[in-house]
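I have placed the structure first, in the form of structure tokens, so that the comments after it can refer back to it.
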Amino acid sequence: MRRKLIVGNWKMHGQRADGVALARDLSARAAGSAMPPCDLLVCPPATLISLVGEAVAGSPVLLGAQDCHQELSGAHTGDISAAMLKDLGCRYVIVGHSERREHHCESDQTVRVKADTALSAGLSPIVCLGETLDERKEGRARDVVAAQLRGSLPPPHDSLEIVIAYEPVWAIGTGHSATPDDAQAMHAWIRGLLAESWGDARARAMRILYGGSVKPDNAASLMAQPEVDGGLVGGASLTAESFWSIVESCS
Ligand code: PGA
């Protein structure tokens, strides 16, 4: 049985006071519930990782980051390495988010190297995939997702988890999420591809998250799908109330 994972992707939002207040509120809610109904992870902007790490320390809320460089160190002005994120207490790092693929021209190959580097630093990558609206309209959603998966997936790791996040680009930040049936079908397709590459047992153990306009009012129906192992949440992760309501939808 896969335990669900709800991830807050704060993107480029928040200053120190906001980030710490949100992290403290989530930690208090998580510590106050006997056993949160899912695993919880927050991925603040890089400037807040350290402070948020202190605010969630000792609580069930895990710490992650939104991106890392392909290399562990070197002359890369402005970049942050997976080793640095690990040093700050991160457990996970998102790689290949569509906003990085689009605005920073990240290819599948770049994403794969980032994921592999994250693993070598001791971080679990959350590898993002998803088709655009045009690709969906042209009936190519599955082919696009399959190509991204084959190109972006690092080799399996024996002790660290590799998470997949299916995030249709047309659903991100638009208020139009995939229907629960569409998410279930795409996740099942992705799990089939994972099984072809890595075998049934490993594919069945992997968590595949859905992302794209997950909100308190649609989370329960998305999370009820057996192939949906959690959510990658952007806008609705920015207040403790809405994020916690999504967490509770897993129970
Ligand atoms: P959204 O973002 O929940 O605001 O649609 C999700 C994401 O980009 O990870």
Going by a 4.7 Å Cβ-Cβ cut-off, which cysteines of the chain have no partner at all?
CYS43, CYS68, CYS90, CYS105, CYS128
Modelling each spin label as a point 7 Å along the Cα-to-Cβ direction, I'd like the SER251/GLU71 distance in nm, to one decimal.
4.9 nm
How many percent of the alpha carbon pairs in segment 85-226 exceed a separation of 25 Å?
25 percent
Over segment 99-158, one equal point on each Cα, no solvent: what is log10 I(q)/I(0) by the Debye formula at q = 0.13, 0.14, 0.16 Å⁻¹?
-0.37, -0.42, -0.53
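Gain in length, GLU138 to ARG150, computed as 0.36 nm per residue apart minus the alpha-carbon separation, to one decimal in nm?
Details: separation 12, 0.36 × 12 = 4.32 nm, distance 2.07 nm.
Contour length minus Cα-Cα distance gives 2.3 nm.
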Using the 10 angstrom Cβ neighbour count as an exposure proxy, how do SER245, SER237 rank, fewest first?
SER245, SER237
For the chain, alpha-carbon Rg relative to the globular expectation (2.2 N^0.38 Å, N residues)
0.93
Report the percentage of all Cα-Cα pairs in segment 1-54 whose separation exceeds 18 Å, rounded to a whole percent.
34 percent
Pop a pseudo-label 7 angstrom from the Cα along the beta-carbon direction at both ASP182 and ARG2 and give the gap in nm to one decimal.
2.0 nm
Taking the inverse of the average 1/r across all pairs of different Cα atoms in segment 59-134, what Kirkwood radius in Å do you get?
12.7 Å
Separation between Cα centres of segment 57-86 and segment 143-193, rounded to whole Å:
22 Å
Once the in-chain neighbours fewer than 8 apart are removed, the lysines whose Cα is under 18 Å from LYS86 read LYS114
State the three equivalent ellipsoid semi-axes of segment 182-240, derived from the C-alpha gyration tensor as the square roots of 5 times its eigenvalues, in descending order and whole Å.
25, 11, 9
Just how large is the dipole of segment 177-237 about the Cα centre, in debye to the nearest 20, putting +1 at every Lys and Arg Cβ and -1 at every Asp and Glu Cβ?
200 debye
Cross-link table LYS4/LYS215; LYS11/LYS215; LYS11/LYS137, entries beyond 18 Å C-alpha to C-alpha
LYS11/LYS137
Anyone know which of TRP198, TRP170, TRP189 comes out most mobile in the 10 Å Cα GNM of the chain?
TRP198
Residues whose modelled amide H sits under 5 Å from the amide H of VAL214, counting only those 5 or more places away in sequence or on another chain, are GLY234
The chain - charge dipole about Cα centre, Lys and Arg +1 at Cβ, Asp and Glu -1, debye rounded to 20
360 debye
Residue among ILE49, ILE164, ILE80 with the largest mean-square fluctuation in a Gaussian network model of the chain, springs linking Cα atoms under 10 Å
ILE80
Rank SER27, GLY151, SER50 by how far each Cα sits towards the positive end of the charge dipole of the chain (+1 on Lys, Arg Cβ; -1 on Asp, Glu Cβ) and give me just the farthest.
SER27
Give me the distance in nm between label points sitting 7 Å out from Cα along the Cα-to-Cβ direction at ASP217 and GLU196, one decimal.
3.9 nm
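What does the extension gain come out to for SER120 and ALA57, with contour length at 0.36 nm per residue minus their alpha carbon separation?
20.3 nm
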What does the charge count near HIS187 come to, summing +1 for each Lys or Arg and -1 for each Asp or Glu among other residues with Cβ under 9 Å from its Cβ?
-1
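Efficiency by 1/(1 + (r/R0)^6): what FRET value for ARG204 and GLU241, r their Cβ-Cβ distance, R0 = 45 Å, to the nearest 0.05?
0.85
A short reminder: the numbers here are calculations on the coordinates, not readings from a lab. This structure is a prediction, so every number in the text was calculated from the model and none was measured. Don't worry about glycine lacking a Cβ; one is built from the backbone with ideal geometry, like all the others, and counts go over all protein chains shown.
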